[in-house]
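**Q** Have a look at this one before I ask anything.
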Amino acid sequence: NVPEDQADKLLLSSWGLPKAVLEKYHSLGVVQMFEWQAECLMLGQVLEGKNLVYSAPTSAGKTLVAELLILKRVLETRKKALLILPFVSVAKEKKCYLQ
């Protein structure tokens, strides 16, 4: 569980994302994360580029964790990222979503 003094970490706005990115997420109804998602982002040195392996049921929100990690790294390092998705339909959806 996310400690009470870090409850603000559930809000997407707490992760240093640009305003345009936050506005896009907000327009899609995504304003905050589940506790387990914030926990993933707070583990060890995940935000500094260390590896993260996590598992959750279908439609639980795994992609949001990956997107936030990718977006933060790309914006901070100005390097490209590769996002591998399992289906063409999901890839097309994410292409539109992330543009």
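The values are calculated or read from the model by the stated rules, or taken from the named source; none is laboratory data. Keep in mind that this is a model prediction, so the values were computed, not measured. So basically every Cβ, Gly included, is an ideal-geometry build from the backbone, and we count neighbours across all protein chains shown. Note: areas computed on protein heavy atoms with side chains; ligands, DNA, RNA excluded. Shrake-Rupley method; radii C 1.70, N 1.55, O 1.52, S 1.80 Å.
**Q** Taking amide hydrogens as modeled 1.01 Å from N in the peptide plane, which residues meet the under 5 Å criterion relative to L11, leaving out close sequence neighbours?
**A** Those qualifying (amide H under 5 Å, at least 5 residues apart or on another chain) are M33.
**Q** Suppose a student asked you for the relative contact order of region 4-98, using Cα pairs under 8 Å spaced at least 6 residues apart; what percent would you report?
**A** Numbers: 47 pairs, mean separation 19.3, N = 95.
Normalised by residue count, the contact order of region 4-98 is 20 percent.
**Q** Right, another one. Return the carbon/sulfur percentage of the accessible area of region 4-98, one whole number, probe 1.4 Å, all protein chains in place.
**A** Ligands and nucleic acids excluded, carbon and sulfur give 57 percent.
**Q** With each pseudo-label sitting 7 Å past Cα toward Cβ, what's the Q45-A7 distance in nm, one decimal?
**A** Taking the two extended label points, one gets 3.2 nm.
**Q** Whole number in Å², please: accessible area per residue of the chain, 1.4 Å probe, ligands, DNA and RNA not counted. Working shown, then result.
**A** Details: 7070 Å² over 99 residues.
Per-residue accessible area for the chain comes out at 71 Å².
**Q** Using a Cα-Cα cut-off of under 20 Å, which aspartates and glutamates could be cross-linked to K19, ignoring same-chain neighbours fewer than 8 residues away?
**A** Partners found: D8, E67, E76.
**Q** How large is the translational diffusion coefficient of region 4-98 in µm² per second when you combine the Kirkwood radius over alpha carbon pairs with Stokes-Einstein at 37 °C and 0.692 mPa s?
**A** The calculation lands on 231 µm²/s.
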